[in-house]
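Chemist: The structure that follows is given in the form of structure tokens.
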Amino acid sequence: LCLSILAALSKFNHTAHHQPIITKLALNNMKSLKNHGGVDRALLSFDLQADMTPAFHWNIKQLFVYVIATYKTDTNPKNQIVLWDRIIENTDPPEKKQLNEKNVFVKYGLVDQGAELRGKEVELSLHWDHMPLTGTLFVGKQKEGTESTFQLPTEYL
């Protein structure tokens, strides 16, 4: 019971005070934008600089960190696609908790359900799932207004 109470208190304190420091998340290079099989697919690379160390404390086993691309289409007013992910363990050395990625190619392509990617504005944001030793899993994300945006080409590349 005591450990459960400490875990609950840890969660509430953690979300308010233990946020990663994100200094950069931005498009580096648009590799291609093509239509294949009736769906649009964009392949790109991005730069990411973030210190995930503040997100860890005694009750956090690992973080599942991921970059999401968000965009709007006429068919779907909100589309969110995971482009890249990584697991960071509490036992990892400090340098592994520092994300200094330059020109990292997406793990998963930006694929639309139709052919509506051309000319769309895309927002990149960093999200993470806190995986505690005990207690509930909870999600964190980049502060509102600090996300980066870019415009997809109006023609296929």
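Chemist: Taking a 22 Å limit on the Cα-Cα distance, which of the listed pairs 24/102; 31/78; 31/141; 34/120; 78/120 fall beyond it?
Modeler: Pairs exceeding 22 Å: 31/78; 31/141.
Chemist: What is the projected area of the convex hull of the Cα atoms of segment 25-73, averaged over all directions, in nm²?
Modeler: Approximately 5.5 nm², given one-decimal rounding.
Chemist: Alpha carbons only, please: Rg and Dmax for the chain, in angstrom.
Modeler: 17.7, 60
Chemist: Oh, and also: For the pair residue 41 and residue 57, how long in nm is the line joining their label points, each one 7 Å along Cα→Cβ?
Modeler: 4.3
Chemist: Work out, step by step, the length gained on full extension between residue 82 and residue 156: first 0.36 nm times the residue separation, then minus their alpha carbon distance; give nm to one decimal.
Modeler: Separation in residues times 0.36 nm, less the Cα-Cα distance, equals 24.5 nm.
Chemist: To the nearest 0.05, what FRET efficiency results for residue 19 and residue 103 with a Förster distance of 25 Å applied to their C-beta separation?
Modeler: Here the calculated transfer efficiency is 0.45.
Chemist: Next question, about the same structure. Among 82-90, 143-151, how do they line up from the highest to the lowest mean number of other beta-carbon atoms within 10 Å?
Modeler: Ranked by mean Cβ neighbours within 10 Å, highest first: 82-90, 143-151.
Chemist: Run the quick spin-label model on residue 144 and residue 75: label points 7 Å from Cα toward the beta carbon, then report their separation in nm to one decimal.
Modeler: 3.0
Chemist: What residues qualify as long-range amide H neighbours of residue 62, i.e. H under 5 Å apart, gap of 5 or more or another chain, H built at 1.01 Å from N?
Modeler: 90, 131
Chemist: Okay, moving on. Where the only charges are on Cβ atoms (+1 Lys, Arg; -1 Asp, Glu), what is the dipole of the chain about its Cα centre, to the nearest 20 debye?
Modeler: My answer is approximately 140 debye.
Chemist: With only Lys, Arg, Asp and Glu charged, each at its Cβ (+1 for the first two, -1 for the last two), find how big the charge dipole of segment 90-157 is about the Cα centre; round to the nearest 20 debye.
Modeler: Charge dipole of segment 90-157: 200 debye, to the nearest 20.
Chemist: Separate question: Counting other Cβ atoms within 10 Å, which chymotrypsin sites (Phe, Trp or Tyr not before Pro) in segment 104-145 have at most 14 and lie in a DSSP loop?
Modeler: Counting only loop positions with at most 14 other Cβ atoms within 10 Å, the chymotrypsin sites (Phe, Trp or Tyr not before Pro) in segment 104-145 are 108.
Chemist: Order 127, 17 by their accessible area, 1.4 angstrom probe, all chains in place, largest first.
Modeler: Descending order: 17, 127.
Chemist: Here is a follow-up. Can you list which of the trypsin sites (Lys or Arg not before Pro) found in segment 101-140 are DSSP loop residues with at most 16 other C-beta atoms within 10 Å?
Modeler: Filter output for segment 101-140: 107, 118.
Chemist: A follow-up question, please. Pop a pseudo-label 7 angstrom from the Cα along the beta-carbon direction at both residue 95 and residue 127 and give the gap in nm to one decimal.
Modeler: It works out to 3.1 nm between the two label points.
Chemist: Kindly provide the pair-distance distribution of segment 98-157 built from C-alpha pairs, with 10 Å bins from 0 and whole-percent values in order of increasing distance.
Modeler: Reading upward from the zero bin: 15, 36, 32, 13, 3.
Chemist: May I pose another question? Find the percent of Cα-Cα distances in segment 63-114 that exceed 11 Å, and round it to a whole number.
Modeler: So the portion of pairs separated by more than 11 Å is 75 percent.
Chemist: Just from its helices, what would the mean residue ellipticity at 222 nm be for the chain, if runs of 4 or more DSSP H residues each count -39500 (n - 2.57) and the sum is divided by every residue, rounded to the nearest 500 deg cm²/dmol?
Modeler: After summing the helix terms and dividing by residue count, I get -3500 deg cm²/dmol.
Chemist: In segment 27-115, if every C-alpha pair distance is counted and binned at 5 Å from zero, what percent goes to each bin?
Modeler: 3, 12, 20, 19, 15, 12, 9, 7, 3, 0
Chemist: Express the relative contact order of the chain as a whole percentage, based on alpha carbon pairs under 8 Å and six or more residues apart in sequence.
Modeler: 28
The values are calculated or read from the model by the stated rules, or taken from the named source; none is laboratory data. All values reported here derive from a predicted model rather than from experimental measurement. Cβ coordinates were reconstructed from backbone atoms using ideal geometry, including for glycine residues, and neighbour counts include every protein chain displayed. The accessibility values were calculated without ligands, DNA or RNA, using every heavy atom of the protein model including side chains. Shrake-Rupley method; radii C 1.70, N 1.55, O 1.52, S 1.80 Å.
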